[in-house]
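Visitor: The structure follows.
The values are calculated or read from the model by the stated rules, or taken from the named source; none is laboratory data. In this text the structure is predicted, and so the values were computed from the model without any measurement. All Cβ positions, even for glycine, are placed from backbone atoms using ideal geometry, and neighbour counts span all protein chains on display. The accessibility values were calculated without ligands, DNA or RNA, using every heavy atom of the protein model including side chains. Shrake-Rupley method; radii C 1.70, N 1.55, O 1.52, S 1.80 Å.
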Amino acid sequence: MGTYDLPEGKVDDENQTGNILGQLLQFPTEYTFTVVGKKTETEDPCDNYERKVRAVVESALGEAANIEMRVTPRGKRFTKVSLKVTVESAAIIAAIYEELGALDATVMKF
């Protein structure tokens, strides 16, 4: 079994995110965010889940970020959105996941 040694001066408790991820990946790196969101009955095309997800990622990485987005309907009630981007740190990954989870329609993120 492998071991994980926390870098000197870093806190490692239940309130921290990204410590292990930061050790597993070398940054900058390509990373794919995947979320599943619930569709609404009267979904306005200008206010749909895919646009909100993209806006979250763009707000963290900038509008000039190269975002490769794939949208997959999951039945009539859900939509899966995957975005492949280049990220600079584990902290950015954690912040984006936090914002994606804050969207009302998000039911899963991985």
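Visitor: Name the residue that is farthest from L103 (Cα to Cα), counting only residues in segment 55-83 that are in a loop (DSSP other than H, G, I, E, B) and of a type in the set (K, R).
Guide: So in segment 55-83, the residues in a loop (DSSP other than H, G, I, E, B) come out as 62-67, 75-77.
Now drop any that are not of a type in the set (K, R), which leaves 76-77.
Working: K76: 19, R77: 16 Å.
Filtering first and then ranking leaves K76.
Visitor: Additional query: When segment 61-96 is examined, which residues are found to be among the hydroxyl-bearing types (S, T, Y), open to solvent by less than 40 Å² (accessible area, probe 1.4 Å) and over 10 Å from V36 (Cα atoms)?
Guide: S89 - this is the single residue of segment 61-96 that is among the hydroxyl-bearing types (S, T, Y), open to solvent by less than 40 Å² (accessible area, probe 1.4 Å) and over 10 Å from V36 (Cα atoms).
Visitor: Of all residues being outside any loop (DSSP other than H, G, I, E, B) and out of contact with any strand residue (DSSP E or B) (no Cβ under 8 Å at 6 or more places or on another chain) in segment 84-96, which is farthest from F27 (Cα to Cα)? Just the residue, please. Please lay out each step first, then the result.
Guide: Filtering segment 84-96 down to residues outside any loop (DSSP other than H, G, I, E, B) leaves 84-87, 90-96.
Next, only the ones that are out of contact with any strand residue (DSSP E or B) (no Cβ under 8 Å at 6 or more places or on another chain) stay: 90-92, 94-95.
Working: A90: 8, A91: 11, I92: 11, A94: 14, A95: 16 Å.
Among those residues, the one meeting the criterion is A95.
Visitor: Within the set of pairs 6 or more residues apart or between chains, which connect a residue that is in contact (Cβ under 8 Å) with a residue 24 or more places away in the chain inside segment 64-78 to a residue that is β-branched (V, I, T) with Cβ atoms less than 8 Å apart?
Guide: R74/V36; F78/V36; F78/V107
Visitor: Also: Looking at T42, is it modelled with pLDDT under 70 and surrounded by fewer than 15 Cβ atoms within 10 Å (Cβ to Cβ)? Outline the logic, then answer.
Guide: Working: modelled with pLDDT under 70: yes; surrounded by fewer than 15 Cβ atoms within 10 Å (Cβ to Cβ): yes.
The answer is yes for T42.
Visitor: Could you list, in sequence order, all residues of segment 97-110 that are closer than 18 Å to E30 by Cβ, open to solvent by less than 70 Å² (accessible area, probe 1.4 Å) and not aliphatic (A, V, I, L, M)?
Guide: Across segment 97-110, the qualifying residue is only Y97.
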